[in-house]
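Trainee: Quick one: the structure is below, questions incoming.
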Amino acid sequence: MSKIGTNAKPAVIKLAPHSQQDAILATANKYGIIYIAGFEDEEDISDFKTLIPKEEFEAIADMDAPGNRKASGGIKLLFSKSISRNAPCPCGSGKQYKRCCGK
């Protein structure tokens, strides 16, 4: 199974209309993540979150408090805790995270 964020399996980034779209997509480009971005009512950036360093994600999330929306927009975090090493991998391979994308 291909690693998420590659040509074979692009990351799916669902952005809400008033989110930090520019910051998210610029960061994805910075790390060379191949992605498919779309606009949805409910934001889901879990693929993006697993592919970038935690500090970088927190810097983007700090632009607005998690879960809060202001007129200027912000990231609504749907998955606020990190992935456990023994949890199933979010890429859908069925393997443990530590044996798949968590290497």
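The values are calculated or read from the model by the stated rules, or taken from the named source; none is laboratory data. These numbers were taken from a predicted model, which means no experiment stands behind them. Neighbour counts are summed over all protein chains in view; Cβ atoms, including those assigned to glycine, are modelled from backbone coordinates with ideal geometry. Accessible surface is based on the protein model in full, side chains and every heavy atom, while ligands, DNA and RNA are left aside. Shrake-Rupley method; radii C 1.70, N 1.55, O 1.52, S 1.80 Å.
Trainee: Have a look at 73, 32, 38 and point out the one that is modelled with pLDDT of 75 or more, on the phi > 0 side of the Ramachandran plot and not hydroxyl-bearing (Ser, Thr, Tyr).
Mentor: Working: 73 fails: modelled with pLDDT of 75 or more; 38 fails: on the phi > 0 side of the Ramachandran plot.
Result: 32 is the single residue among 73, 32, 38 that is modelled with pLDDT of 75 or more, on the phi > 0 side of the Ramachandran plot and not hydroxyl-bearing (Ser, Thr, Tyr).
Trainee: Return the pairs, sorted by first residue and then second, in which the second residue is open to solvent by less than 50 Å² (accessible area, probe 1.4 Å) and assigned to a helix (DSSP H, G or I), the first residue lies in the range 39-56 and is within 17 Å of residue 10 (Cβ to Cβ), the beta carbons are less than 7 Å apart, and the residues are 6+ apart or on different chains.
Mentor: From the range 39-56, the pairs are 45/24; 48/24; 48/28; 49/57; 52/27.
Trainee: Taking residue 81 and the conditions (1) modelled with pLDDT of 80 or more; (2) part of a loop (DSSP other than H, G, I, E, B), which numbered condition does it fall short on, given that it satisfies the others?
Mentor: (1)
Trainee: Would you please name the residue that is modelled with the highest pLDDT, looking only at residues in the range 50-70 that are in contact with a Leu (Cβ under 8 Å, 6 or more places away or on another chain) and open to solvent by 40 Å² or more (accessible area, probe 1.4 Å)? Please lay out each step first, then the result.
Mentor: Of the residues in the range 50-70, the ones in contact with a Leu (Cβ under 8 Å, 6 or more places away or on another chain) are 61, 66-67.
Still in the list and also open to solvent by 40 Å² or more (accessible area, probe 1.4 Å): 66-67.
Numbers: 66: 44, 67: 48.
The selected residue is 67.
Trainee: Here's a check for you: in the range 26-44, which residue that is open to solvent by less than 40 Å² (accessible area, probe 1.4 Å) and outside any loop (DSSP other than H, G, I, E, B) is nearest to residue 101 (Cα to Cα)? Before the answer, list the steps.
Mentor: Residues of the range 26-44 open to solvent by less than 40 Å² (accessible area, probe 1.4 Å): 27-28, 33, 38, 43.
Narrowing the set further to residues that are outside any loop (DSSP other than H, G, I, E, B) leaves 27-28, 38.
Values: 27: 19, 28: 17, 38: 24 Å.
The residue in question is 28.
Trainee: Return yes when residue 6 is under 16 Å from residue 90 (Cβ atoms), assigned to a loop (DSSP other than H, G, I, E, B) and open to solvent by 40 Å² or more (accessible area, probe 1.4 Å) and no when it is not.
Mentor: On the way: under 16 Å from residue 90 (Cβ atoms): yes; assigned to a loop (DSSP other than H, G, I, E, B): yes; open to solvent by 40 Å² or more (accessible area, probe 1.4 Å): yes.
Yes: the conditions hold for residue 6.
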